[in-house]
Amino acid sequence: MIEMKEIVKHYGKGDNVTEALKGISLRIENGEFTAITGHSGCGKSTLLNILGGMDRQTKGEYFCDGEDVSGMSERELAKFRNSHIGFVFQAFHLAGELTAAENVALPLGYAGVGAKERKERAKVLLDRVGLAEKYKAYPAKLSGGEMQRVAIARALANHPRILLADEPTGNLDHENGEKIMALLRELNKEGMTVVMVTHDLELAAMADRCIHMADGSIIAQKN
Amino acid sequence: MKKILFLLQNAWKYIRYNKFSSIVLFCAITVGFLFPMMALNDVNNLLWDARISRYEDAAGITILKYLMPYKEEAQMEEALKQAEKSFETAGYVGMAQQLVYAKGESYSGTVAAISRDYLTVLPCELVEGSFFSEADYSESGERTCLLLYTTNLAKDGVKVGDSIEILGNSYTVKGIIRAPRAFGGVMVPYTFAGEVLRGGEDVNISYHIITYGHKGVVSIHFPDQLTSEREKGVKEDEEFFASVWKLNRYRMLRAGIIILFTMINMLILFLGMTVGERYSMAVRMALGISRKSLFLEVLFRNLLLMLPAFLVSVLIYPFFCVFVKSIDSHLRGDTMLQAGLGGAVLIILITLAVLWFGFHKQGVASMLKRRAE
Ligand SMILES: Nc1ncnc2c1ncn2[C@@H]1O[C@H](COP(=O)(O)OP(=O)(O)O)[C@@H](O)[C@H]1O
Ligand SMILES: [Mg+2]
C-alpha cells in the first residue's frame with residue numbers, strides 16, 4: 001500500500017522556486033490500477049518520480065508498505081527501486097548498446113543474477129510481452145510499440161510490486177497505445193499495482209481509479 | 001565475480017556502441033599521455049642537471065652513468081670503474097662539466113688533453129699502435145689521438161689509423177692504450193687543448209664528456225665558459241652552474257605548463273565523457289543500480305579505453321621522441337612509464353571523484369528528463 005501525506009515538492013531556490021507539488025495526499029491500495037491525468041506541467045511526473053524513489057519530496061511523508069521511503073539513504077533507495085519498483089517511461093529509455101534481451105536482463109545483472117539465468121528469464125519476460133522473436137534485436141531496429149514492450153519487460157524483471165508508467169503511450173500511435181494499455185491491464189489482473197500517468201482520457205477511463213491533477217494539487221478523483 | 005564480468009561486458013558494449021566517440025577519445029588519450037611523458041622527461045633532465053651541479057667532482061661519473069644506454073650495462077660498469085679511478089687523482093685537474101644528452105645510439109666518454117709527461121706520470125701499457133711522438137705535439141702537424149682500450153670507441157672496432165671527429169676536427173687514432181688510472185677515454189696532445197676544450201691553453205689535462213656514435217664519429221659539445229685550472233675553475237664553475245640553474249627554472253616552468261595543459265585537457269575530455277554518459281547512467285540508476293556498481297561500470301569504461309591507449313602511447317613513444325628530438329635534443333626516455341602511469345592514475349582519480357561526489361547528487365529524474373526533452 002502506498003501512502004502519501006502532504007507531499008510538497010519545490011524545484012530551484014530563492015526567487016526561482018517552482019512549486020511542482022503543493023501538498024498531495026494519496027493512498028493507493030495494493031493491486032489497484034490508478035491513472036493520473038492533468039495538463040502538462042501540473043506535476044504528474046514529479047509525483048510519479050517521488051513514488052518511484054527517483055526523486056525526493058521537499059516536505060511530507062511517504063510510506064510504501066509501511067516502509068518510510070523518505071527516510072531511506074541513497075543506497076537503500078536504489079535497492080528500493082531495484083526490488084520494488086518497475087518504471088516505464090514515455091521515452092522508453094532503453095540502452096542502445098544492448099539487445100532487447102540484454103536490456104530486459106539489465107536489472108537482473110545489477111542484482112547479481114548469473115548470465116545463464118539472465119538469458120532464460122529475459123526470454124520468458126520477452127515472451128510475456130509478446131516479443132519472443134525480437135530477442136536479439138537492438139533498440140534501433142524496433143518500433144516504438146516494441147521498444148515500450150521491451151521496457152515493460154525490463155520493468156518486470158525483478159518482480160516488482162509496483163509498476164509506475166509515465167505516459168507510456170505518449171510516443172505511440174493509438175493502436176500501439178492500446179496494446180500497451182492492454183498489457184498493463186493484464187499485469188494488473190495478475191496482482192500488480194499499476195500507477196499510470198496519461199494525457200489520454202480514454203485510456204485513463206480504463207483504470208480502476210482516475211486522479212486528476214492541476215497546478216500541483218489533486219482536484220478530482222473518480223472510481 | 002559474476003557481477004564484475006557483467007559490468008565489464010556492459011562497459012565494453014557501451015564503448016563498442018559509441019564507436020566514433022570512443023575512437024576519438026582513444027586517440028586523444030593516447031596523445032594526451034605522450035605529453036606528460038615528455039614533460040616529465042624534461043623534469044628528469046632537470047634533476048639530473050641539479051645532481052651534476054651538486055657533485056661537481058663526481059660529475060663525470062654521474063654523466064657516464066646516465067648517458068650509457070642500458071643495453072651496454074657491462075661496458076658501462078667498466079667505464080664507470082675507469083672513471084672513478086681517474087677521479088681519485090683528479091685533485092689538481094681543472095674540471096668542467098657539460099651536460100651532454102645521449103642521442104640515439106651514442107655513448108659517452110671523456111676526452112683529455114695530455115702533456116708530454118702524462119705517459120710517464122701514469123702507468124700505461126700500449127696495446128696497439130704507438131704513443132704520441134714530438135711531432136704530434138706540433139700545432140702544425142696532423143691531429144692525432146690515443147684511445148683507451150676500455151672505452152667503447154675501441155671496443156666498437158675503431159682501429160689504429162681510423163679517424164674520429166672531435167668538435168668538427170678529424171683526429172687520427174695513433175694508438176690504443178690500457179691505463180688503469182687514465183684520465184680520458186680519448187687523449188689528444190695538449191697542444192690541441194684549446195681546440196678541444198675551448199679553455200685556457202695552460203691546462204694540461206681536462207675532462208669532458210663527449211658523445212659519439214657507433215661508427216666512431218665523435219661529436220663533442222662544449223660551452224665557452226668551460227674552466228681549466230681548479231682555482232680559476234671553482235669561480236667559473238659557479239657562474240656556469242648559475243647559468244644552468246637559470247635554464248632549469250625555465251625548463252621547470254615549461255614542463256609544468258605542459259603537464260598542466262595536458263591534465264586539464266584530459267580532465268575536460270573525461271568530464272565530457274561522463275556528461276555524455278549521464279543518460280546511460282541515469283537509465284541504470286532508475287533501474288536501481290547501486291552506487292558501487294555504477295561506479296565500477298564507469299571505471300571499466302574509462303579503463304577499457306585508457307589502458308590500451310596508454311599501451312599504444314608507450315609503444316609509439318620512442319617514435320614520438322625521435323620526432324621531438326629533431327626539434328629539441330634535450331630528451332631522455334627512462335621515466336616514461338612512471339610518468340604515464342602517474343598521469344593515468346591522476347586522471348582516473350579526478351574523474352571518479354567527480355562522479356562519486358558530484359554526479360550522483362543530481363537526481364535520476366532530472367537527468368532522464370533532460371534527455372527526453
Ligand atoms: N528538474 C526540474 N527542475 C526545475 N523544475 C522542474 C523540474 N522538473 C519539473 N519541474 C517543474 O515542475 C513542474 C511540474 O513538472 P512535471 O512534474 O514534469 O509536470 P507534468 O509531468 O505533469 O507535465 C513544472 O512546472 C516543471 O517546469
Ligand atoms: Mg510529465
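The values are calculated or read from the model by the stated rules, or taken from the named source; none is laboratory data. Worth saying up front: this structure is predicted, and the values here are computed from it rather than measured. In this analysis, Cβ positions are derived from the backbone assuming ideal geometry, glycine residues included, and neighbour counts consider all displayed protein chains. For accessibility, only protein heavy atoms count, side chains too; no ligands or nucleic acids. Shrake-Rupley method; radii C 1.70, N 1.55, O 1.52, S 1.80 Å.
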If the only charges are +1 at each Lys and Arg Cβ and -1 at each Asp and Glu Cβ, what is the size of the charge dipole of region A:152-210 around the Cα centre, to the nearest 20 debye?
340 debye
Could you sort A:Tyr62, B:Tyr149 by their accessible area in this structure, using a 1.4 Å probe and putting the largest first?
B:Tyr149, A:Tyr62
For region A:90-223, give me the percentage of DSSP beta bridges that are antiparallel, rounded to the nearest 5 percent.
50 percent
Could you list, in their original order, any pairs among A:Lys44/A:Lys123; A:Lys59/A:Lys189; A:Lys79/A:Lys119 whose Cα atoms are separated by more than 24 Å?
A:Lys44/A:Lys123; A:Lys59/A:Lys189
For a quick check of understanding: with a 1.4 angstrom probe and all protein chains in place, what accessible area in square angstrom does A:His174 have, to the nearest ten?
100 Å²
Residue span A:Arg56 to A:Asp173: 0.36 nm per residue of separation minus Cα-Cα distance leaves a gain in nm of 38.9 nm
Modelled label-to-label distance, B:Leu5 and B:Tyr137, 7 Å Cα→beta-carbon offset: nm?
8.4 nm
Chain A: most fluctuating residue of A:Gly109, A:Gly12, A:Gly53 per GNM, C-alpha cutoff 10 Å:
A:Gly12
How many nm is it between the label spots at B:Glu165 and A:Glu19, if each spot is 7 Å from the Cα in line with the beta carbon?
8.8 nm
If you roll a 1.4 angstrom probe over the protein chains with everything in place, what fraction of the accessible area of region A:35-187 belongs to carbon and sulfur, to the nearest %?
50 percent
In the full protein assembly as shown, how much of B:Val345 is accessible to a 1.4 Å probe, in Å² to the nearest 10?
80 Å²
Computed lengthening from A:Ala205 to A:Lys189, 0.36 nm per intervening residue step minus Cα-Cα distance
4.1 nm
Rg (Å, one decimal) plus Dmax (Å, integer) for the alpha carbons of chain A?
17.3, 54
Rounded to the nearest 100 Å², the accessible area hidden between B and A, summed over both chains at a 1.4 Å probe radius, is 2300 Å²
